[in-house]
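Bear in mind these aren't lab numbers, they're just calculated from the coordinates by the rules spelled out. All values reported here derive from a predicted model rather than from experimental measurement. Positions of Cβ are generated from backbone atoms using ideal geometry, with glycine treated the same way; all protein chains shown enter the neighbour counts.
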Amino acid sequence: MKFIDEAKIEVIAGKGGDGSASFRREKFIPFGGPDGGDGGRGGSIYAVADRNINTLVDYRYTRKFKANNGEKGRGSDCYGKGAEDLILRVPVGTVISDLNSGDVVADLAVDGQKARIARGGRGGLGNLHFKSSTNRAPRQFTRGEPGEERELKMELKVLADVGLLGLPNAGKSTFIRSVSAAKPKVADYPFTTLHPNLGVVRTDENRSFVIADVPGLIEGAADGAGLGHRFLKHLQRTRILLHLVDLAPLDPDADPVRDALAIVAELAKYDARLADKPRWLVLNKLDLIPEEERDQRVADFLAAFKAAGHSETGRVFRIAAISGEGTRPLVYAIQDALDAMGPALPEVGEEQDDDFGDTLPAPIEELPLEGEEDGQ
């Protein structure tokens, strides 16, 4: 299935049914009084997070969603039937915002979380509501309110505890294959990863975390170069970033320090909050460096990295992802850090309802009674 993480849709909630202006007419009951019922409520549109869905492809090609209208009220105190609500199921982690204002409408970060994205119109009132001691034969009723219409943007941000950063071919996919059951594509050319991959890393019977691998970044990614800038949003929910650095690049002109600094700069350009997340350096591909040179290569890299102004590098690990060397201590350190941070509690918006209140809507219309136009 094609991975789609953005979509634009239009939602139109149902219109409320009109109220009825009717009077009771039965044999031997000359003054039956008003008996016009209310119109039914228009259908609202809700979005529900579903963990069984992992892409927004359903909303890429079907872009308009309309709920049904409420039924009109009728005589004999018959109220119109309210329309059923329309449910849109989206992946967990979907953020829905108003396309015009940019305001966030819903952030569905928990499986089963439900949010109303378009409110159905309230049904109109029948003339039954307007009778009084001075108005015993009211002909007033109200029209149903129109449903809410909105243009929305859906944006999927995957839910993961740990995110992987690095240039193409830094070994991110190899690392996630080494520590989890995920099997992303691995090859010896750049941009092998074309969409985010998630892997569950189990460190104990009851302890685990989720790691996200996104396409590699290149210099200028925040301005649109390469693929990575499209997927940086998937790292915004993570709690720890692992910055993988190829310590033994095959390109003789490559400079690991310069490349690492470029990644840090791209993070700051894209989102300052993302750049402020805890970020650990993971120096990869030690298997390509002679064992007697490893310590010196690592020391030279860290000295140059700190000299460039990054005195606070966070924790530093040395690994060889392809063989698994050094990955277990890294995995356990991540688990301990996540446990110390406590559980991730996403912000859940206030539950919405369709309580329209008890006030009478305006304006009140007055139309001929049912049957008057026919001379009855």
For Ser208, which sequence-distant residues (separation of 5 or more, or a different chain) have an amide H within less than 5 Å of its own amide H, given hydrogens modelled in the peptide plane?
Thr203
Across the range 135-150, in residue order, what do the Karplus-derived ³J(HN,Hα) couplings come to in whole Hz, using 6.51 cos²θ - 1.76 cosθ + 1.60 with θ = phi - 60° and x for Gly and Pro?
9, 8, 10, x, 10, 7, 7, 10, 6, x, 7, x, x, 6, 10, 9
Between Arg51 and Ile87, what's the calculated FRET efficiency when r is the beta-carbon distance and R0 is 25 Å? Round to 0.05.
0.95
Find the centroid of the Cα atoms in the range 27-55 and in the range 113-152, then give the distance between the two in whole Å.
10 Å
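Tell me, Glu155, Glu71 in order of fewest to most beta-carbon neighbours within 10 Å?
Details: Glu155 17, Glu71 22.
Lowest count first: Glu155, Glu71.
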Under a crude label model (7 Å from the Cα following the beta-carbon direction), how far is Lys8 from Glu205 in nanometres?
5.3 nm
Going out from 0 in 10 Å bins, what whole percent of all Cα-Cα distances in the range 1-157 drops into each bin?
12, 31, 22, 15, 12, 6, 1, 0
Under 1.5 on a/c is rounded, so check that first for the range 57-125, then, if it is not, pick prolate when a/b is larger than b/c and oblate when it is not; a ≥ b ≥ c are the square roots of the alpha carbon gyration tensor eigenvalues.
prolate
Here, Glu26 and Asp300, labelled 7 Å along Cα→Cβ, have an inter-label distance in nm of 10.1 nm
Karplus-derived 3J(HN,Hα), 6.51/-1.76/1.60, for each residue of the range 295-300, Hz, glycine and proline x
4, 5, 5, 5, 4, 5
Sticking with the crude label model, points 7 Å out along Cα→Cβ, report the distance from Ser132 to Leu99 in nm, one decimal please.
4.6 nm
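If Lys and Arg each add +1 and Asp and Glu each add -1, what is the summed charge of the other residues whose beta carbon sits under 9 Å from the beta carbon of Leu128? Each step should come with its number before you reach the end.
Working: positive: Lys131; negative: Asp35, Asp38, Asp77.
Surrounding charge for Leu128 is -2.
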Interchain or sequence-distant (5+) residues whose placed amide H lies within less than 5 Å of the amide H of Ala109 are Gly93
Just check the range 4-46 against the gyration tensor rule for me: Cα atoms, a ≥ b ≥ c as the square roots of the eigenvalues, rounded for a/c under 1.5, and otherwise prolate or oblate depending on whether a/b exceeds b/c.
prolate
Which peptide among 235-241, 63-69 comes first, and what is the full order, when sorted by highest mean count of other Cβ atoms within 10 Å?
235-241, 63-69
Diffing the range 12-25: the Karplus 3J(HN,Hα) column from phi (6.51, -1.76, 1.60, θ = phi - 60°), in whole Hz with x for Gly and Pro, holds 10, 6, x, 7, x, x, 6, x, 10, 10, 9, 10, 6, 10
Extend 7 Å from the Cα of Val316 along its Cα-to-C-beta direction; within the range 273-298, residues with backbone N under 11 Å of that point are 281-283, 295-298
